[in-house]
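Structure first, then comments.
Read-outs throughout are calculated quantities, based only on the coordinates presented, and are distinct from any laboratory measurement. Here the structure is a predicted model, which is why all the values come from computation and not from measurement. Cβ sites come from the backbone with ideal geometry, for glycine too, and all protein chains shown count toward neighbours.
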Amino acid sequence: MPKAAIASLTIAEMREFASFSPAEQRYIRRSLDIGLGRQDAFKLWARDAAENAAIRSQYVAYQELKILRAAIPTDSGFDGIESFIGKLTRVAAFDLAQERIECFSAFRFLYERLLGADARPWLPSAFCAASALPQIKPSRRKVLLQSLSEAAATAPGWSDRAPSFYPEYIAREAA
């Protein structure tokens with residue numbers, strides 16, 4: 001792929017990230033630090049005891065990511081779907097229950113980076129399953145499920161291009 005095309009796609013990813021709410025942006029950055037082992041999330045993200053506990057819970061929930069990355073079904077058969085989608089739904093439900101991810105687009109953005117491009121075809125079903133669980137408040141369920149566009153739910157194919165923009169923590173300068 002030409003450098004100009006790659007740069008254009010990266011800029012599109014940056015624009016999409018910029019369209020998310022500040023809470024979504026912060027949660028995505030923190031989640032990438034935890035899920036990809038980039039930074040010590042406790043030092044970087046914990047502002048109080050409650051956030052410290054949430055980060056600890058997220059580390060536990062994200063223990064499944066390594067297994068999920070290796071278990072993404074590659075064929076159109078039904079073998080392996082149960083264990084993969086079940087684990088993915090459990091991790092997705094954890095993230096949605098934190099009430100920081102407000103829409104499918106932010107969810108997809110995060111999980112494409114946590115699991116890789118091969119997970120894309122599975123993300124709408126995992127999002128729907130996790131959003132519909134009774135652990136998610138009914139009013140939130142409605143908002144989340146309505147955020148999944150018909151185009152995303154019925155896509156005939158998925159790009160296998162790996163994401164190129166991985167947002168990171170930005171330290172604030174002291175004034």
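Just give me the residues in the stretch 31-53 being among the charged types (D, E, K, R) and free of Cβ contacts under 8 Å to residues at least 40 places away in the same chain, in sequence order.
Once the filter is applied, which keeps residues that are among the charged types (D, E, K, R) and free of Cβ contacts under 8 Å to residues at least 40 places away in the same chain, the stretch 31-53 yields ASP40, LYS43, ARG47, ASP48, GLU51.
Can you give me the number of residues within the stretch 145-160 that are out of contact with any helix residue (DSSP H, G or I) (no Cβ under 6 Å at 6 or more places or on another chain) and either surrounded by 11 or more Cβ atoms within 10 Å (Cβ to Cβ) or not aliphatic (A, V, I, L, M) (or both)?
Here the count works out to 8.
Hey, PHE109 hits all of (1) touching a Pro at 6+ places or on another chain (Cβ under 7 Å); (2) in a helix (DSSP H, G or I); (3) of a type in the set (A, V, I, L, M, F, W, C); (4) buried (at least 16 other Cβ atoms within 10 Å of the Cβ) but one; which does it fall short on?
All conditions pass for PHE109, except number (1).
Which of the following residues is surrounded by 12 or more Cβ atoms within 10 Å (Cβ to Cβ), more than 13 Å from LEU114 (Cα to Cα) and touching a Phe, Trp or Tyr at 6+ places or on another chain (Cβ under 7 Å): GLU102, GLU24, GLU13?
GLU13
Can you report the number of residues in the stretch 62-78 which are under 20 Å from TRP158 (Cβ atoms) and not hydrophobic (A, V, I, L, M, F, W, C)?
Within the stretch 62-78, residues that are under 20 Å from TRP158 (Cβ atoms) and not hydrophobic (A, V, I, L, M, F, W, C) number 6.
Sort out which residues of the stretch 72-84 are assigned to a helix (DSSP H, G or I) and crowded, with 17+ Cβ neighbours inside 10 Å, and write them in order of number.
PHE84
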